[in-house]
Structure formats: structure tokens, C-alpha cells
Amino acid sequence: FPLPEEGDFQNALAKHEGSQSAVAVNSCGTALDLCIMALGIGKGDEVIVPGQTFICTATCASAQGAKVVFADVDPDTMCLDPVKVEAKITDKTKAIIPVHFAGLACDIGGFDALSKKYNIPIIYDAAHAVGTIYKGRPIGGAGLASCYSFQSNKNMTTIGEGGAITTNDAEFSEKVRQMKTFGYVYGGPSLRVVNVGFNYRMTKPQAAVGLTQLAKMDRVMKMRQDNFIKMNELIADVAEVKVPVNVDAGHACHIHVIQIDTDNLRCDRDQFKKALMDDFQIGTGYHYPAVWNWEVAEKFEYDNSHCEITEKVCKSVLTLPIFPKTTYEDMEYIAWAIKELIRKKTLAS
């Protein structure tokens with residue numbers, strides 16, 4: 001039966017994220033799976049997603065036999081572009097899954113318009129976006145649903161793993177709530193099972209930790225935002241670097257992703273990344289390879305036509321080690337190293 005800690009956490013999360021309800025689950029991946037299954041999406045259907053995202057944004061659809069259709073991203077925000085999405089819509093399109101990339105809200109207004117025009121549900125991948133604000137409002141009530149991650153490296157965590165679905169649709173909320181617990185319907189004189197379901201539940205300790213994490217979210221977000229702004233200022237004068245945009249306008253500042261313009265450098269992004277570690281002991285990551293470049297893409301049907309921006313962006317992104325407790329001195333060193341590396345005769349054109 002539903003646990004008190006779970007109910008308290010779901011209510012607190014819904015309030016924080018601006019939705020009417022929240023359903024706690026054990027990961028963002030299972031949240032996306034549940035949404036696709038609750039919509040009845042399967043073979044013969046199409047789901048539109050960005051190519052620059054974590055793999056489960058796409059595989060939640062392919063796992064049900066649907067065709068994954070990739071649309072291009074905006075080159076500045078790195079979020080799915082509604083204009084490019086509209087060009088990919090067909091009568092087989094059954095859902096669109098935009099991603100609030102790195103914690104920046106995508107164009108919710110644009111996707112609202114598409115949803116109304118074509119009667120297609122929008123499921124937001126909000127794995128990076130707990131705390132994200134769009135035009136002054138939390139993003140949890142946008143579209144049909146939003147899927148969150150509380151994995152250990154996210155802005156808040158529920159002991160390593162965890163996730164949630166937020167929605168303003170009471171019927172959809174109840175359906176995913178049933179499916180995440182074997183299809184049970186709670187309440188009434190007898191226990192009923194009305195849908196095929198799974199064990200995607202969050203544990204009591206996870207929910208309890210989630211409550212404490214939510215209580216400090218706004219303070220942690222401010223620390224992240226301050227550091228993103230400082231880091232941007234330190235490398236603002238580097239022509240070869242494009243910094244995250246809109247960090248002072250509701251950005252959750254989950255990961256600090258820059259784009260390296262290597263056109264005037266005798267190296268590619270991977271060589272630049274390696275040199276930062278080898279020469280300056282600065283570890284970086286990148287989010288992400290284009291989904292169709294993962295080996296698993298060979299196992300499902302997809303369309304990645306007209307995604308030239310995504311391909312280019314995915315080859316230029318570099319994630320800097322900027323966290324709430326990164327010191328200003330560390331950021332100064334990172335900025336100096338980036339500039340020094342670009343100036344090196346072995347890399348400069």
C-alpha cells in the first residue's frame with residue numbers, strides 16, 4: 001500500500017514543481033517507460049525526440065516497438081526546436097519528448113502550440129530540470145507530463161537512484177500510479193488489479209531523503225547559478241567557446257556545457273578534452289554523443305534526417321566540472337587552462 005513518506009514526498013514535489021500531482025518511481029528511465037506505455041504507444045507509431053540526449057529518451061519508445069524520429073536542436077540552447085519538430089510530424093506521431101537540456105527550459109510555448117494544433121501529447125524529459133523555471137513558473141505542469149531523475153549526480157537525489165512523473169491530468173496520473181505498482185488500484189472494499197504493471201516503486205528511505213533534498217533545493221540552485229554565471233564571465237572573451245545561455249532566467253544549472261569551435265584549432269573536441277586532462281589535470285565530460293551513434297541504435301528503427309545541427313553540436317560539447325562547491329579559484333584555473341590550451345602553438349591554427 002502507498003507509504004506515508006512516499007505520499008509526503010509526492011505532494012511536496014508536485015508543489016515545488018508546479019503540478020497538480022506527482023508519482024514517485026525508481027528512475028527517470030522508468031518514468032519515461034510508464035508514460036509511453038500509458039499512452040498505448042507501440043509498433044507502427046512514431047515518437048519525436050532530440051538526438052542530443054541520454055539514450056533512454058529514445059529507447060523508451062523503441063522498447064515498445066515504436067519508430068524513433070529525431071528532430072534537430074537549437075544551436076544555442078541545445079534544446080529540441082519546435083520548428084524542426086513540426087517538419088517531422090506525420091499521422092503516425094503519437095508523442096513528442098523534448099528535453100530540458102542541462103537544466104534550461106526548452107520552448108514550452110512552442111510545444112504547447114504544436115500539441116494543440118496536432119493533438120499530440122508532450123512528455124517532457126526533465127531529468128536535468130528539477131527546479132527549472134520557464135517564464136516565471138516551474139516546468140512540472142507543462143505538457144501532459146514531466147519525467148524527473150534523482151540519480152546521484154542530479155541537482156537533488158534520493159539515495160543514488162529515483163525519479164518521478166508530474167502531471168496536471170488526474171486520469172493519466174492514476175494510470176501511471178497503477179502501472180508502477182503491478183497495476184493495483186488502492187482503496188475500496190477489495191484490492192483490484194486493472195492494468196498490466198511493474199514494480200517501479202521508490203523506497204521509504206528514498207522518499208524520506210527526497211523530502212530533505214527538496215527543502216534545500218532553492219539554496220543549492222542559487223549556488224549553482226552563481227557558479228555558472230562566474231564561469232561564463234571568466235571565458236566570455238574566448239571566441240572559440242560558446243557558453244551556456246540564459247543561466248540567469250530559470251536555468252537549473254545542472255551541467256555546465258560549453259561548445260568548442262574547433263574550426264580554427266588543429267584538434268577536435270576529443271583531443272581538446274584529452275589535452276585538458278593530460279596537460280592541466282582537468283577532467284571533463286560531454287553530454288552527449290548523438291543517439292544514433294550509439295551501437296544500440298542499430299537495433300531499432302529511427303529517422304535522423306535533417307539533424308545537421310545536432311550532429312555538429314554533439315561533436316563540440318564539453319562539460320566542465322562546475323558544481324555548487326566549486327571555488328572561484330578553481331574556476332579561474334579552468335578558464336586559464338582553456339585559454340592557454342587554445343593559445344598553444346600545437347593547437348592554434
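Would you kindly derive the ³J(HN,Hα) couplings of segment 139-150 from the backbone phi angles with the Karplus curve 6.51 cos²θ - 1.76 cosθ + 1.60 (θ = phi - 60°), listing them in order in whole Hz, with x for Gly and Pro?
8, x, x, 6, x, 6, 7, 10, 10, 10, 10, 10
Quick check for you: with a 1.4 Å probe and neighbouring chains kept, what is the accessible area per residue of segment 138-256, in Å²?
44
With the dipole of the chain worked out from charges on the C-beta (+1 for Lys and Arg, -1 for Asp and Glu) around the Cα centre, which of GLN259, THR77, LEU191 lies farthest toward the positive end?
LEU191
Rounded, prolate or oblate for segment 207-327? Axes are the square roots of the Cα gyration tensor eigenvalues, ordered a ≥ b ≥ c, and the cut-off for rounded is a/c under 1.5.
oblate
So what J values fall out for segment 31-44 if you push phi through Karplus, 6.51 cos²θ - 1.76 cosθ + 1.60 with θ = phi - 60°, rounded to Hz, Gly and Pro as x?
Those phi angles translate into 4, 5, 4, 4, 5, 5, 5, 5, 7, x, 6, x, 4, x Hz.
Highest mean first, what order results for 228-239, 94-105, 306-317 on Cβ atoms within 10 Å?
Packing proxy ranking, top to bottom: 94-105, 306-317, 228-239.
Provide the per residue accessible area, probe 1.4 Å, for segment 4-86, rounded to a whole number of square angstrom.
31
When the dipole is taken about the Cα centre of the chain, and only Lys, Arg (+1) and Asp, Glu (-1) are charged at their Cβ, what size is it in debye, to the nearest 20?
My answer is approximately 600 debye.
Within the chain, which cysteines find no other Cys whose Cβ is under 4.7 angstrom from their own?
CYS28, CYS35, CYS56, CYS60, CYS147, CYS253, CYS267, CYS307, CYS314
Restricting to DSSP H runs of at least four residues, report the calculated mean residue ellipticity at 222 nm for the chain, -39500 (n - 2.57) per run over all residues, nearest 500 deg cm²/dmol.
About -10500 deg cm²/dmol.
Taking R0 as 35 Å, what's the FRET efficiency between SER190 and ALA63 from their Cβ-Cβ distance, rounded to 0.05?
Once the sixth-power term is evaluated, E becomes 0.60.
In nm, what is the difference between 0.36 nm times the number of residues separating LYS339 and ASP91 and their Cα-Cα distance?
84.3 nm
The values are calculated or read from the model by the stated rules, or taken from the named source; none is laboratory data. Small disclaimer: the values here were computed from a predicted structure and weren't measured. Ideal geometry is used to build each Cβ from the backbone, glycine not excepted, and the neighbour counts take in all protein chains shown. To get the accessible areas, we keep the full protein, side chains included, count just its heavy atoms, and leave off ligands, DNA and RNA. Shrake-Rupley method; radii C 1.70, N 1.55, O 1.52, S 1.80 Å.
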